[in-house]
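Structure first, commentary second.
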Amino acid sequence: MRDNRLLIAAKALAGVSLGVALWWSCAAPYNELLCGLAEPLLRSTERSPVTRLRPVNGEIAIDRIDFRRGSARPALATGHLTANIILLTALFATNRRPMSVRNLASFALAAMILVAIHILAVIANVKSIYAFDLGDWSARNYGPAARTFWESATNFYTLAGAFGSAFLLWWLMRPSAPHSGARPQAASR
């Protein structure tokens with residue numbers, strides 16, 4: 001039993017190491033991808049499509065065509081939004097056969113779903129910045145219900161959704177033990 005726990009711990013440590021390497025080495029191109037996919041979705045919700053997202057030094061710079069020249073531009077740190085890939089990698093690494101085609105395919109599918117979750121997290125965070133951090137503009141363009149919604153969405157993702165989504169994806173997509181076809185023995189008297 002103890003050997004089994006040590007093996008799981010070693011696989012989890014290897015998964016964390018691989019996840020950190022993946023997260024850190026792919027951060028810049030991944031931020032490019034997030035900007036490219038989130039921006040058109042954000043712009044589709046605007047009366048006049050004015051939002052521009054640009055990756056800058058581990059953050060997403062949020063620009064709007066209607067911002068005054070020379071005014072400060074808000075930015076969104078993406079590290080905390082996307083770090084759940086580390087947890088997802090570690091969880092899939094602890095599965096019974098982590099290098100099996102089935103496990104790797106399940107991990108790849110879960111990671112693709114996580115990309116969609118990250119895009120939604122970026123959109124919620126940008127909308128929350130719009131609703132709260134732009135002074136009078138925020139008050140004029142976002143009512144109390146919209147402000148509450150976007151702040152709640154951002155807080156939910158930060159507090160529960162980021163790690164909860166990784167656990168849920170792993171739980172739903174982890175390969176189950178193969179069915180042996182053998183029937184359980186009846187208890188003897």
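Considering each residue of the stretch 106-115 in turn, at least one proves to be out of contact with any strand residue (DSSP E or B) (no Cβ under 8 Å at 6 or more places or on another chain), among the hydroxyl-bearing types (Ser, Thr, Tyr) and part of a helix (DSSP H, G or I).
So, Pro55, is that one part of a strand (DSSP E or B) and either within 14 Å of the chain's Cα centre (by Cα) or surrounded by 11 or more Cβ atoms within 10 Å (Cβ to Cβ) (or both) or not? Criteria met by Pro55.
Hey, any hits in the stretch 87-96 for a residue that's farther than 12 Å from Gly15 by Cα, more than 21 Å from the chain's Cα centre (by Cα) and part of a loop (DSSP other than H, G, I, E, B)?
yes
Does the stretch 27-36 contain any residue that is hydroxyl-bearing (Ser, Thr, Tyr) and without any contact (Cβ under 8 Å) to a residue 12 or more places away in the chain? No, because not a single residue in the stretch 27-36 is hydroxyl-bearing (Ser, Thr, Tyr) and without any contact (Cβ under 8 Å) to a residue 12 or more places away in the chain. Which one of these is of a type in the set (Val, Ile, Thr), closer than 25 Å to Ala153 by Cβ and surrounded by 15 or more Cβ atoms within 10 Å (Cβ to Cβ): Ile65, Ile86? Selected residue: Ile86, the only one of Ile65, Ile86 that is of a type in the set (Val, Ile, Thr), closer than 25 Å to Ala153 by Cβ and surrounded by 15 or more Cβ atoms within 10 Å (Cβ to Cβ).
Applying the selection to the stretch 1-48, what residues are outside any helix (DSSP H, G or I) and either surrounded by 15 or more Cβ atoms within 10 Å (Cβ to Cβ) or of a type in the set (A, V, I, L, M, F, W, C) (or both)? Hits for the stretch 1-48 are Met1, Cys26. I'd like to know if the stretch 139-153 contains one or more residues that are in contact (Cβ under 8 Å) with a residue 60 or more places away in the chain, aliphatic (A, V, I, L, M) and part of a helix (DSSP H, G or I). Within the stretch 139-153, none of the residues are in contact (Cβ under 8 Å) with a residue 60 or more places away in the chain, aliphatic (A, V, I, L, M) and part of a helix (DSSP H, G or I).
Within the stretch 25-71, count every residue that is at pLDDT below 95 and aromatic (Phe, Trp, Tyr). Residues that pass the stated criteria total 1. The number of residues in the stretch 26-83 being touching a strand residue (DSSP E or B) at 6+ places or on another chain (Cβ under 8 Å), closer than 22 Å to Phe163 by Cα and aliphatic (A, V, I, L, M) comes to 6.
Taking the stretch 68-83, which residues are of a type in the set (Ser, Thr, Tyr) and buried (at least 17 other Cβ atoms within 10 Å of the Cβ)?
Answer for the stretch 68-83, where residues must be of a type in the set (Ser, Thr, Tyr) and buried (at least 17 other Cβ atoms within 10 Å of the Cβ): Thr78, Thr82.
Filtering the stretch 107-134 to residues that are free of Cβ contacts under 8 Å to residues at least 40 places away in the same chain and of a type in the set (Gly, Ala, Ser) leaves Ala108, Ala111, Ala116, Ala124, Ser128, Ala131.
Is the stretch 28-37 home to any residue that is over 16 Å from the mean Cα position of the chain (by Cα) and of a type outside the set (Lys, Arg)? Scanning the stretch 28-37, I find no residue that is over 16 Å from the mean Cα position of the chain (by Cα) and of a type outside the set (Lys, Arg), so the answer is no. For Met99, the criteria (1) out of contact with any Gly (no Cβ under 7 Å at 6 or more places or on another chain); (2) hydrophobic (A, V, I, L, M, F, W, C); (3) assigned to a helix (DSSP H, G or I) hold in every case but one, which is (3). Which residues, counting only those in the stretch 114-173, are under 16 Å from Leu76 (Cβ atoms), crowded, with 17+ Cβ neighbours inside 10 Å and of a type in the set (Ser, Thr, Tyr)? Answer for the stretch 114-173, where residues must be under 16 Å from Leu76 (Cβ atoms), crowded, with 17+ Cβ neighbours inside 10 Å and of a type in the set (Ser, Thr, Tyr): Ser128, Tyr130, Thr154, Tyr157.
The values are calculated or read from the model by the stated rules, or taken from the named source; none is laboratory data. Source: prediction; values computed, not measured. Virtual Cβ from ideal backbone geometry, glycine too; neighbours counted across all protein chains shown.
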